[in-house]
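I have placed the structure first, in the form of structure tokens, so that the comments after it can refer back to it.
Bear in mind that the values in this text are calculations on the coordinates, not laboratory data. All of these numbers come straight from a predicted model, not from anything done at the bench. Cβ atoms come from the backbone with ideal geometry, glycine included; neighbour counts cover every protein chain shown.
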Amino acid sequence: MNSTENEKRLKIPRRQFIACGVAMSFMPWVPVAARYEDHRLPLTPQCDSQKPVTPAQTPGPFYLPNSPERSDLREPSDAGKPFLLQTMVVNRDCVPLQGVIVELWHADGQGRYDTKGYRYRGMQLTTAEGRTLFKAIKPGLYPGRTPHFHVRLWQEGQLQLTTQLYFQGMTQNERDFLFNPALLMQEQENTDHHSGVFLFVIDSHPV
Ligand SMILES: [Fe+2]
């Protein structure tokens, strides 16, 4: 595929995302994802104005403000497949929200959080299509919790959502005191990476 064809493929009409109730697809659109062109997952949950907003959860004790703006959170020492997290932020009318800050933080492969620095912490602004993409790792277990990502969404300086995302098929999910199946990512295992997508629905308006 040449670059022109690729650019055409990555340009998805806005109305495609506004068609509520219709399964939508994520496609890679930033350089960090350029080599993951096989990544194309249906978005879940389906966006429906009757559906509730994404459930909130505690930030836990390891949140740090001022995460750096970056998409690749991995460390040079990380082995194994990266985990590509693609998100989309829409309001209850299914309108993609641009300029929303999406913060992501998670434990390392051994279940440890960096509380003195910003390892495995980063933030991005959503694109005009309401998207972000993070290249992370699947966090390890730590006592009492199933593996999870922490996420915070900010719009116009206002905190809109604090929640956590969960991984499919983890035996620890059912024993986790915070686990909520509404916060499961839709995942796919690929040859050289894992991938997950999640649609955030917040009670907000385009700015
Ligand atoms: Fe945590």
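Only loop residues by DSSP count here, and only those with at most 13 other Cβ atoms within 10 Å; note down the trypsin sites (Lys or Arg not before Pro) in the stretch 91-128 that meet that. Can you show the working numbers first?
Values: sites: R92, R112, K116, R119, R121; in loops: R92, R112, K116, R119.
Filter output for the stretch 91-128: K116.
Counting neighbouring Cβ atoms within 10 Å and putting the fewest first, the residues D108, D78 line up as D78, D108.
Order the peptides 155-165, 97-107, 59-69 from the highest to the lowest mean number of other Cβ atoms within 10 Å of their residues. Can you show the working numbers first?
Values: 155-165: 16.8, 97-107: 22.3, 59-69: 12.3.
Highest mean packing first, the order is 97-107, 155-165, 59-69.
The residue list L159, T132, G111 was ranked by how far each Cα lies along the charge dipole of the stretch 86-207 toward its positive end, using unit charges on Cβ atoms, and G111 comes out on top.
Among T171, T132, rank each residue by its count of other Cβ atoms within 10 Å, from fewest to most, as a rough exposure measure. List each step's numbers first, then the result.
On the way: T171 7, T132 25.
In increasing order of surrounding Cβ atoms, one gets T171, T132.
With Rh defined as the Kirkwood radius, the inverse of the mean 1/r over Cα pairs, the Rg/Rh of the stretch 86-207 is 0.96.
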